[in-house]
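Below you'll find the structure, written out as structure tokens, and then a few comments.
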Amino acid sequence: MEPESGSFLIANPHLNDPNFVRTVVFLCEHDATGTVGFVMNRKTRHTIGDLVPDFEGFDFPVYEGGPVGLDNLHFLHQYPDAIPGGKEVLEGVYWGGDFEILAALLSEGRIEPQKVRFFLGYSGWGEGQLDFEMEEKTWIVAKATREFLFGDDETALWKNILTHLGGDYKLIVNAPIDPRLN
């Protein structure tokens with residue numbers, strides 16, 4: 001499978017870039033000019049209430065979306081009718097939207113934690129950069145699902161997706177980060 005919006009990039013075990021070791025990146029935008037996505041399995045120590053004054057008291061976790069634009073907050077959600085302005089990336093999954101309406105819905109208790117995910121920063125690739133990494137077999141591509149996107153065990157996400165893919169992918173689940181330590 002080739003990378004596309006709505007797919008996962010799963011880091012190959014040999015990837016030693018500290019930004020992406022054992023990560024799963026959800027792609028929200030992919031075309032000839034570049035790619036944007038969010039690391040799904042790196043929870044920060046922050047909650048949304050820690051970072052946004054309007055959200056004080058809300059303990060929804062915030063994830064490290066990637067190494068780019070760490071001063072920007074992004075979100076994925078499953079509320080297309082309630083939060084206008086989002087971009088549908090996967091059936092029923094939207095990227096962004098009206099942040100003020102999201103704040104109001106949160107304060108009214110109308111947002112479920114398992115239907116929204118917040119990110120500091122994002123993962124980005126310029127024109128041709130991801131193509132090169134694909135040729136180098138840096139990433140495994142898989143169709144994204146809401147179950148994996150909004151699941152509650154981000155620490156096992158990398159292993160769970162590879163196990164779900166089956167076949168040879170199940171074999172690399174237990175590969176050491178540094179093969180010299182095998």
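The values are calculated or read from the model by the stated rules, or taken from the named source; none is laboratory data. A quick note: this is a predicted structure, and the numbers were derived from the prediction, not measured. Ideal geometry is used to build each Cβ from the backbone, glycine not excepted, and the neighbour counts take in all protein chains shown. Heads up: the accessible areas ignore ligands, DNA and RNA and are worked out on the full protein's heavy atoms, side chains in. Shrake-Rupley method; radii C 1.70, N 1.55, O 1.52, S 1.80 Å.
Modelled spin-label separation between Lys115 and Ala156, with each label point placed 7 Å from Cα along the Cα-to-Cβ direction: 2.5 nm.
For the stretch 103-182, the solvent-accessible area of protein heavy atoms averages 61 Å² per residue (probe radius 1.4 Å; ligands and nucleic acids excluded). Summed over qualifying helices (DSSP H, 4 residues or more, each -39500 (n - 2.57)) and divided by its residue number, the chain shows a 222 nm mean residue ellipticity of -5000 deg cm²/dmol. For the chain, the alpha-carbon radius of gyration amounts to 1.04 times the rule-of-thumb value 2.2 N^0.38 Å expected for a compact globular protein.
Please list the three semi-axes, largest first and in whole Å, of the ellipsoid equivalent to the stretch 1-95, using sqrt of 5 times the eigenvalues of its alpha carbon gyration tensor. Value: 24, 19, 11 Å, ordered largest first. Measuring nothing but protein heavy atoms, the accessible surface of the stretch 73-127 at 1.4 Å probe radius is 46 percent carbon and sulfur. Comparing Pro53, Asn41, Leu90 along the charge dipole axis of the stretch 35-122, the residue lying farthest to the positive side is Asn41, per the Cβ-charge model. With an 8 Å Cα cut-off and a minimum separation of 6 or more residues, compute the relative contact order for the stretch 40-182 in percent. Averaging sequence separation for qualifying contacts and normalising by length gives 24 percent for the stretch 40-182. Under the combined filter of DSSP loop state and at most 11 neighbouring Cβ atoms within 10 Å, the stretch 80-118 retains these trypsin sites (Lys or Arg not before Pro): Arg110. Compute a Gaussian network model of the chain, connecting alpha carbons closer than 10 Å, and tell me which residue from Val39, Val68, Val116 fluctuates the most. Checking each option, the largest mean-square fluctuation is seen for Val68.
Using a Gaussian network model of the chain in which every pair of alpha carbons under 10 angstrom is joined by a spring, one finds that among Ala144, Ala11, Ala103 the greatest mean-square fluctuation is at Ala103.
Entry comment: accessible area of the stretch 1-66 is 44 Å² per residue, from protein heavy atoms only and a probe of 1.4 Å. Given q = 0.10, 0.13, 0.17 Å⁻¹, what are the Debye log10 I(q)/I(0) values for the stretch 83-182, with equal point scatterers placed on the Cα positions and solvent ignored? The computed values of log10 I(q)/I(0) come out as -0.43, -0.69, -1.04. Report for the chain the percent antiparallel among DSSP-assigned beta bridges with both residues inside it, nearest 5. Antiparallel: roughly 90 percent of the beta bridges in the chain.
Computing FRET efficiency as 1/(1 + (r/R0)^6) for Asn19 and Phe99, where r is the C-beta to C-beta distance and R0 is 22 Å, gives about 0.25. Using a probe radius of 1.4 angstrom, the carbon and sulfur fraction of the accessible surface of the stretch 1-70 is 47%. Modelled label positions at Leu70 and Asp50, each set 7 Å beyond Cα in the direction of Cβ, lie 1.4 nm from each other.
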